[in-house]
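Here it is, the structure in full.
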Amino acid sequence: MGDAFLKAQWYVAGWGTDLAPGETLARTYLNEPVVLWRSETGAVHALQDRCIHRAMQLSAGDVDGEILRCPYHGLEFNGEGRCTRIPAQDRVPDTARVRHYPLVERQALLWIWMGEPEDADEGLIPDYPIHEDPAFGWRSAHYPVKGNWQLLVDNLMDLSHLPYIHAKTIGGNPDLHFRAKTNSQKLDNAVRVTREMPGSQPPPTYVDAAGFTGLVDRWQEIVFEPVIIRIHTGACEEGTGAYTNGEYGVHGANRFSMCGFHGITPETETTTHYFWSMATNRTEDGMVEEVFAQTARTFQEDQDVLESQQVRMEQFGNAPLIDIASDVGGRHTRQFITRLLKEQEMYRKVSPQRDTEPA
Amino acid sequence: MGDAFLKAQWYVAGWGTDLAPGETLARTYLNEPVVLWRSETGAVHALQDRCIHRAMQLSAGDVDGEILRCPYHGLEFNGEGRCTRIPAQDRVPDTARVRHYPLVERQALLWIWMGEPEDADEGLIPDYPIHEDPAFGWRSAHYPVKGNWQLLVDNLMDLSHLPYIHAKTIGGNPDLHFRAKTNSQKLDNAVRVTREMPGSQPPPTYVDAAGFTGLVDRWQEIVFEPVIIRIHTGACEEGTGAYTNGEYGVHGANRFSMCGFHGITPETETTTHYFWSMATNRTEDGMVEEVFAQTARTFQEDQDVLESQQVRMEQFGNAPLIDIASDVGGRHTRQFITRLLKEQEMYRKVSPQRDTEPA
Amino acid sequence: MGDAFLKAQWYVAGWGTDLAPGETLARTYLNEPVVLWRSETGAVHALQDRCIHRAMQLSAGDVDGEILRCPYHGLEFNGEGRCTRIPAQDRVPDTARVRHYPLVERQALLWIWMGEPEDADEGLIPDYPIHEDPAFGWRSAHYPVKGNWQLLVDNLMDLSHLPYIHAKTIGGNPDLHFRAKTNSQKLDNAVRVTREMPGSQPPPTYVDAAGFTGLVDRWQEIVFEPVIIRIHTGACEEGTGAYTNGEYGVHGANRFSMCGFHGITPETETTTHYFWSMATNRTEDGMVEEVFAQTARTFQEDQDVLESQQVRMEQFGNAPLIDIASDVGGRHTRQFITRLLKEQEMYRKVSPQRDTEPA
């Protein structure tokens, strides 16, 4: 499992705030070393992080106006990777260019297209309006995960691990989680897992945030769309319509929502960029910070698990494992990813000439 | 040399005191990751350190009564590796089990059987009554060796390195060592090397411990039995029968004995667990501690040698080396190990279906 | 590129001062682990750093008079690698020898011959009289470079990187460098690159050292001879004959010279020993120290570049790169090295029995 990448996808490359005007940033995505840079007027670009002259890392270079200059011999490149100047040489040959990756800044995120540049369609970038919704407050982070990206997908699609890994943080009572019915649906380009916990005792955070005095109707909604996951958890007062039409919280009273964005970008076969944000509709009294801090602690616990799994996955290769009942959402997601990987394989077979990335 | 393991053997897995009730311990033996754990009532168990569900390391889990619980999704395993509970699921399938290694606690040691579990015969565990003999005092240690296990066997079977590596600790005069005749015997399931140094000046430690005032008859006796080594060194007053019947020290006067136990357990092809204890029959006036501290210093010197050899062994592979006269005991032991490895190979060929360990 | 070595060459093994009488030094050259040692009377020797008995590193041993003693079992070796004593054994077999590398101390340098010992001709050792010339003062260093040796050759043969990498140290004005005409000549067993900058404003260091008050005629002369590079930079007062007969500085007035010696010795395919010295004819007022300190800062900047290139070279293998105009000297040198490697390859084919180094 897991040593293949979906190439023709928009991936989260980082947060817009990672990159100030005039700065460069070296990151690896899908095993490809990339330099992200922002011109002095604010445009963002992504190029292969290797000068076409002597393989120097361009990320060590300088942004000057709208170009990026190699620090070794001073070659200059524009945002499309074309060399625009070679010192002490009049003509710049056509071969003097480095690979260019489409990069779009939207809703606080930087999105990079890892397929063929000419296939990039900005209309396919996942929408995440919460980052721009004044009704929500949020904070973001970037965690380096020492595990294959599919282990992180598994982790997020099946929250039945909460009472164990997160026993000391957000876990709560195992029975509560296991009584909740898990429903997993395969959608056109997504997998949606929902769990409803009607008539529950609200956890302390919920009481703090929304001032619940009685029981609540809680929900968890997890949606995978390649290659991000949106998780919406929350509660309304019991019996006020929390679950109406499957639009969790929209119709209920005194809604408390925590909306997690999870950008999952493979770095290598064994490491993953995890770009996440946590938003809440309760923005008073430091709730945004509290919810973020609690989530950060929780996700740290997950890092240890993923690293532990990765070690054994590498040692044992494809030795058999078993599924359990709560894996339904994760299994649907795996099946979906496997289908996408197969389609990609078939596409490569019919158009092999396009498969030109350096090995 | 050295990149093969003897599978069907009892190996020292650790000291009983390494593992308190309710604790887990992750160790690798013969390249296989194992979790050792002790139940809350004190029973010791060894399982493959990989949950059959999502490959999580069980050593990160919790002991609860007589079971070990996976920290990721809460699966519970008993001492035989059988899953006894899967949360949110009524039926536990028969395939929900992890590999079990027979583990026995005896004479202060934990012994693990690395062959097929059904072949484990506790009667084959090497006997070491000194750990329970009130006439002896002893201390123990666990050294991680950065070298192949056979390099450690070589090191212990040929003590002619004492005057060089241990010149600053227990070495003493090279001539004394080289005048001593080395006798090496191949026994049924062992190799025994002896050296006698009659009429020697006793070393300072010997004088401190036994109060020798004249010359002594010294001996060294080294016995390899797969895969431990017992080393008995000591002296009696000269001419009082130190060597009678080859039972060193039994019949002589004012005996001083140092008895070393050396458990040699391969961790990987290039690293070894070295579990050793040092006992003496002179238990007054801090002699137990002094003898142990001196030995510990000496063995640290050996670690550097083994690591240095390992580096070159990896670089030069099977490039030729030569034997010298003092290698006789080591050579007998190598021949014995080679014979055991060949027998193992033949056995595997006639019963290949049993060879089911993960690669 | 770059993963081949020129074997039949004298390489710089170190500085004479690296090795005091009675000392050993472990270094790897061309992937071969070597022990350098100096006998108590001052003779220098180089042997394979692996005892023929049990592969112990001889560099951990002791020099005793004119022999080197293995620290494990006390075998003794002379400067030619022949074992002269095996403890507790009368006869020393003829096979008891380790590989010997011819090692010569000359002009403050230790030179090692990495080809077949019988082919070593001391007459081929590059001459560097400046190290013994009282008109010059100099200092030396040994830098470990995390890059293939050919990257370092490239770096030194093309100084057009000065205004970029060394912008903050010795770089100066890019235009000045690019206006200078680069002349590259292929000689019999060398490549010589020269650049002349007549009528230049002298840099601050030049003014400090030579007290120039007007313009100067500057030069750079870079000569590659396998496998060292000599770089002579400097200036005379304008129009006084700085360039006469291509003997830079000999015929001009108020000469200021900086003479760099660069010994480039591959350690592995991906790391290089860089032994360099910087000499100047202006030895008063701390100029020797000032010139050395400035150069040391500059070369540190180059280390980062070479390491950065190496990372990408390993990732991208033989993926295409382009040459630019200023590469002419570097390209000539590459062509020369490639020719030498091909000759070596042909020679091996006709005499394969000599190719006996351990893999």
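Taking the condition hydrophobic (A, V, I, L, M, F, W, C) and within 14 Å of chain C (Cβ to nearest Cβ), does residue A:55 pass? Steps first, please.
Working: hydrophobic (A, V, I, L, M, F, W, C): yes; within 14 Å of chain C (Cβ to nearest Cβ): yes.
It is true that residue A:55 is hydrophobic (A, V, I, L, M, F, W, C) and within 14 Å of chain C (Cβ to nearest Cβ).
Run down A:66, A:23, A:80, A:76 and say which single residue is in contact with a Cys (Cβ under 7 Å, 6 or more places away or on another chain) and open to solvent by 20 Å² or more (accessible area, probe 1.4 Å).
Values: A:66 fails: in contact with a Cys (Cβ under 7 Å, 6 or more places away or on another chain); A:23 fails: in contact with a Cys (Cβ under 7 Å, 6 or more places away or on another chain); A:80 fails: in contact with a Cys (Cβ under 7 Å, 6 or more places away or on another chain).
Of the residues listed, the single one that is in contact with a Cys (Cβ under 7 Å, 6 or more places away or on another chain) and open to solvent by 20 Å² or more (accessible area, probe 1.4 Å) is A:76.
Please tell me if residue B:50 is at pLDDT 95 or above, open to solvent by less than 50 Å² (accessible area, probe 1.4 Å) and within 14 Å of another protein chain (Cβ to nearest Cβ).
Criteria met by residue B:50.
With respect to residue C:117, determine if the residue is under 26 Å from residue C:8 (Cα atoms), free of Cβ contacts under 8 Å to residues at least 60 places away in the same chain and either surrounded by fewer than 21 Cβ atoms within 10 Å (Cβ to Cβ) or β-branched (Val, Ile, Thr) (or both).
Yes: the conditions hold for residue C:117.
Quick check: anything in segment B:271-278 modelled with pLDDT under 95 and in contact with a helix residue (DSSP H, G or I) (Cβ under 8 Å, 6 or more places away or on another chain)?
No - not one qualifying residue is present in segment B:271-278.
Would you check if residue C:274 is outside the structural domain of residue C:235 (by TED's automatic domain parsing) and closer than 23 Å to residue C:125 by Cα? Break it down stepwise before answering.
Details: outside the structural domain of residue C:235 (by TED's automatic domain parsing): no; closer than 23 Å to residue C:125 by Cα: yes.
It is false that residue C:274 is outside the structural domain of residue C:235 (by TED's automatic domain parsing) and closer than 23 Å to residue C:125 by Cα.
A further question on this structure: Would you call residue B:178 modelled with pLDDT of 95 or more, over 13 Å from the mean Cα position of the chain (by Cα) and open to solvent by 10 Å² or more (accessible area, probe 1.4 Å)?
no
Just wondering, is there one or more residues in segment C:345-358 that are away from chain A (no Cβ under 14 Å), part of a loop (DSSP other than H, G, I, E, B) and surrounded by 13 or more Cβ atoms within 10 Å (Cβ to Cβ)?
yes
Let me ask something else. State all residues of segment B:183-197 that are loosely packed, with under 15 Cβ neighbours inside 10 Å and closer than 29 Å to residue B:214 by Cα; if no residue qualifies, say none.
B:183
In segment C:26-46, what residues are among the small types (Gly, Ala, Ser) and either buried (at least 17 other Cβ atoms within 10 Å of the Cβ) or in contact (Cβ under 8 Å) with a residue 60 or more places away in the chain (or both)?
Of everything in segment C:26-46, those that are among the small types (Gly, Ala, Ser) and either buried (at least 17 other Cβ atoms within 10 Å of the Cβ) or in contact (Cβ under 8 Å) with a residue 60 or more places away in the chain (or both) turn out to be C:39, C:46.
Next up: Looking at segment A:301-325, which of its residues are surrounded by 21 or more Cβ atoms within 10 Å (Cβ to Cβ), of a type in the set (S, T, N, Q) and within 7 Å of another protein chain (Cβ to nearest Cβ)?
Result: A:308, A:309.
Name the residue that is most open to solvent (accessible area, probe 1.4 Å), counting only residues in segment A:90-114 that are under 14 Å from residue A:9 (Cβ atoms) and over 17 Å from the mean Cα position of the chain (by Cα).
By that ranking, first place goes to A:102.
Is it the case, given these coordinates, that residue A:75 is among the hydrophobic types (A, V, I, L, M, F, W, C), in contact with a strand residue (DSSP E or B) (Cβ under 8 Å, 6 or more places away or on another chain) and within 13 Å of chain C (Cβ to nearest Cβ)? So that I can check it myself, show each step before the final result.
Numbers: among the hydrophobic types (A, V, I, L, M, F, W, C): yes; in contact with a strand residue (DSSP E or B) (Cβ under 8 Å, 6 or more places away or on another chain): yes; within 13 Å of chain C (Cβ to nearest Cβ): yes.
Taking the combined requirement at face value, the residue satisfies it.
Consider residue C:28 carefully, then state whether it is within 30 Å of residue C:319 (Cα to Cα) and out of contact with any Lys or Arg (no Cβ under 7 Å at 6 or more places or on another chain).
yes
Based on what the data block shows, is residue C:141 in a loop (DSSP other than H, G, I, E, B), away from chain A (no Cβ under 11 Å) and touching a residue at least 12 places away in the same chain (Cβ under 8 Å)? Steps first, answer last, please.
On the way: in a loop (DSSP other than H, G, I, E, B): no; away from chain A (no Cβ under 11 Å): yes; touching a residue at least 12 places away in the same chain (Cβ under 8 Å): yes.
Answer is no for this residue.
Residues being closer than 17 Å to residue A:96 by Cβ and either part of a helix (DSSP H, G or I) or touching a Pro at 6+ places or on another chain (Cβ under 9 Å) (or both): count how many of those fall in segment C:305-327.
Residues flagged as closer than 17 Å to residue A:96 by Cβ and either part of a helix (DSSP H, G or I) or touching a Pro at 6+ places or on another chain (Cβ under 9 Å) (or both) within segment C:305-327 amount to 8.
When you check residue A:150 against the structure, is it assigned by TED's automatic domain parsing to the domain that holds residue A:193 and over 30 Å from residue A:200 (Cβ atoms), yes or no?
Yes: the conditions hold for residue A:150.
Residue-by-condition table, conditions (1) among the small types (Gly, Ala, Ser); (2) part of a helix (DSSP H, G or I):
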| residue | (1), (2) |
| --- | --- |
| C:147 | yes, no |
| C:155 | no, yes |
| C:160 | yes, yes |
| C:167 | yes, no |
| C:184 | yes, no |
| C:198 | no, no |
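Right, here's the next one. Scanning for something on the phi < 0 side of the Ramachandran plot, open to solvent by less than 20 Å² (accessible area, probe 1.4 Å) and assigned to a strand (DSSP E or B), does segment B:122-132 turn up at least one residue?
Checked segment B:122-132: no residue is on the phi < 0 side of the Ramachandran plot, open to solvent by less than 20 Å² (accessible area, probe 1.4 Å) and assigned to a strand (DSSP E or B).
OK, next. Inspect segment C:154-166 for any residue being among the polar types (S, T, N, Q), within 16 Å of the chain's Cα centre (by Cα), farther than 20 Å from residue C:238 by Cα and within 14 Å of chain A (Cβ to nearest Cβ) and give the result as yes or no.
yes
The values are calculated or read from the model by the stated rules, or taken from the named source; none is laboratory data. Treat the numbers as computed from the prediction; the structure is a model and nothing was measured. FYI the Cβ positions are ideal-geometry reconstructions off the backbone, even for glycines, and counts take in every protein chain you see. Side chains included, ligands, DNA and RNA excluded: accessible areas come from the protein's heavy atoms. Shrake-Rupley method; radii C 1.70, N 1.55, O 1.52, S 1.80 Å.
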